[in-house]
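Notes to accompany the following structure.
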Amino acid sequence: NKALADVLHQLGIKELNPSYSTGLVWGGQEGRTVKKIRSPADGNFISSVNMATADDYEQVVKAAQEAFKVWRKVPSPKRGEIVRQIGQKLREHKEALGKLVSYEMGKILQEGLGEVQEMIDICDFAVGLSRQLHGYTMHSERPQHRMYEQYHPLGIVGVISAFNFPVAVWSWNAMLATVCGDVVIWKPSEKTPLTAIACQHIIREVLVKNELPEGIFNLIIGDAEIGSLMSHDNRVPLVSATGSTTMGKKVGEAVGARLGKSLLELGGNNAIVITENADLEMAIRAVVFGAVGTCGQRCTSTRRLIVHENVYDKVKERLVKIYPNLPIGHPLSNTTLVGPLIDKDAVEAFQQALAQVQQEGGTLLTGGEVLNGDSYQTGTYVTPAIVEAENHFATVQKETFAPILYLIKYSGDIENAIELQNGVRQGLSSAIFSSSLLETEAFLSHWGSDCGIANVNVGTSGAEIGGAFGGEKDTGGGRESGSDAWRVYMRRQTNTINYSRELPLAQGIKFDI
Ligand code: NAD
């Protein structure tokens, strides 16, 4: 495991077990449940982490509450300066951190590096934002009165993240929240805690150097129970949760019951529509990247391909030719395009979905095998599958977090394709490939795609941080990252100021005493 040792050395991490006494990482003390982390790439043991208890959680909340008292008083552009320094550190460690993401989660190195680049990009975005947290001013109906609105920090923002983007999604939340003056408690996926610990090390250096409390960024290593404590906790005004719809419903209910705020980023069932006016070669490239990239484990992975009957056979033929030649292997190898699934449970879900869809009448065109042999000993490598199916099949309606692409035929005009695209419970990402303005504008219109993301001649996955990211319906409705997503991390206040010696009431009400 020399490669990993090198990575950790570059990150300045001597020991991955978080049992050091920075007060930042909890769950490190003796006597806790120990979880062993193995790489899905080769099954090698990387490190063990101690899972946090409810008492640990209490300590983290207290540390965060204390830090908030200091942090909220730091002017926003100065908070931006701290985030700028974090971005700089991430640049220095990009290679090492990208490798660790890749090795712990199983995505290929290019995608691991891309994930770290997203963290750097959001830091840059947040630095600029730190001077732009502005509200409106309004004209008052009362003489010599002034009205305006301002945004104040909320307090503690709880971030629950999923395994498939072990660090990027946290950074989207954390960097925005911190320039907004909030403090963050991060509960990463219990499947990928190590990259989280590495990030915490990097941030800690910046905080210590700037003589700031370490409780501004907190990390708690735990499972659903810790996430649940956070969701029920009145001291956490906002919980941002990324993961499955099942998890999001539980978090949403718990936070809603106490009238807290939640930002939910949940599952997708994303489709690409290929019309008869599409540039097919361009479309195919987008489909393959969208469907097999990260081994089908992106929330924006392409799961359904809705193709016009006039080009259907051509598209099918091309895809069935490409799929068997996809280089599947160790994610750190330069030639690999498809890495492993995260664990054997994911492999089982993949196989079950394929069996079920065939029972429903689907036809498996290619892939669907679990690989074995020397390079695939972990049992986590599969061959990406293509299935001819119909949109209403129960299997097609749900998100299976694995590389299965459902090929669906449509006939007639674009409205039929839009109906199929919208005919699922999820509403995250969607795309159309067409050079007809009539078709693409229809897809983007108010009767077009019902997703939070709708693209033209761009696939469903691979969003830029500048746009607001999120989706509708079972995807949860939250928006994070770019545009004005920052507003959710702040509380809004309307202020009316009277600079006269009278006290006129609004709406001309007379109330003489
Ligand atoms: P998951 O739902 O199993 O777990 C996600 C996180 O939620 C983990 O940290 C887990 O510990 C926590 N959790 C689970 N149950 C909880 C509960 N009852 N209360 C509080 N926390 C709880 O998801 P996963 O397998 O890690 O990730 C895959 C899923 O995430 C897919 O559905 C994918 O589409 C989704 N995802 C969505 C987005 C998005 O932005 N929309 C991004 C990435 C992943």
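Every read-out reported here was derived from the displayed coordinates using simple, explicitly stated rules and does not represent laboratory data. Quantities reported herein were computed from a predicted structural model and do not represent experimental measurements. Here the Cβ is made from the backbone with ideal geometry for all residues, glycine too, and neighbour counts use every protein chain on show.
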The lone condition SER375 fails out of (1) in contact with a strand residue (DSSP E or B) (Cβ under 6 Å, 6 or more places away or on another chain); (2) outside any strand (DSSP E or B) is (1)
Checked against (1) within 13 Å of the ligand (Cβ to nearest atom); (2) part of a helix (DSSP H, G or I); (3) within 30 Å of SER436 (Cβ to Cβ), ARG298 satisfies every condition except (2)
Residue hits (segment 78-93; surrounded by fewer than 16 Cβ atoms within 10 Å (Cβ to Cβ) and over 18 Å from LEU212 (Cβ atoms)) are ARG91, GLU92
Looking across segment 301-331 at residues that are among the β-branched types (Val, Ile, Thr) and more than 20 Å from the chain's Cα centre (by Cα), the single one that is farthest from the ligand (Cβ to nearest atom) is VAL311
Selection from segment 424-445 of residues over 23 Å from the mean Cα position of the chain (by Cα) and buried (at least 17 other Cβ atoms within 10 Å of the Cβ) yields PHE433, SER434, GLU439, THR440, ALA442, PHE443
In segment 222-250, anything within 18 Å of the chain's Cα centre (by Cα) and of a type in the set (A, V, I, L, M, F, W, C) is listed as ALA224, LEU238, VAL239, ALA241, MET247
Note to self: Tell me yes or no: at least one residue of segment 262-275 is without any contact (Cβ under 8 Å) to a residue 24 or more places away in the chain and within 8 Å of the ligand (Cβ to nearest atom).
What the structure shows: no
Per the filter on segment 34-61, residues part of a helix (DSSP H, G or I) and either closer than 13 Å to LEU207 by Cα or without any contact (Cβ under 8 Å) to a residue 24 or more places away in the chain (or both) are ASP55, GLU58
* To do: For PHE350, state whether it is surrounded by fewer than 23 Cβ atoms within 10 Å (Cβ to Cβ), outside any loop (DSSP other than H, G, I, E, B) and touching a strand residue (DSSP E or B) at 6+ places or on another chain (Cβ under 9 Å).
  => no
Original post:
Of the residues that make up segment 401-424, is at least one farther than 22 Å from VAL311 by Cα and assigned to a helix (DSSP H, G or I)?
Top reply: no
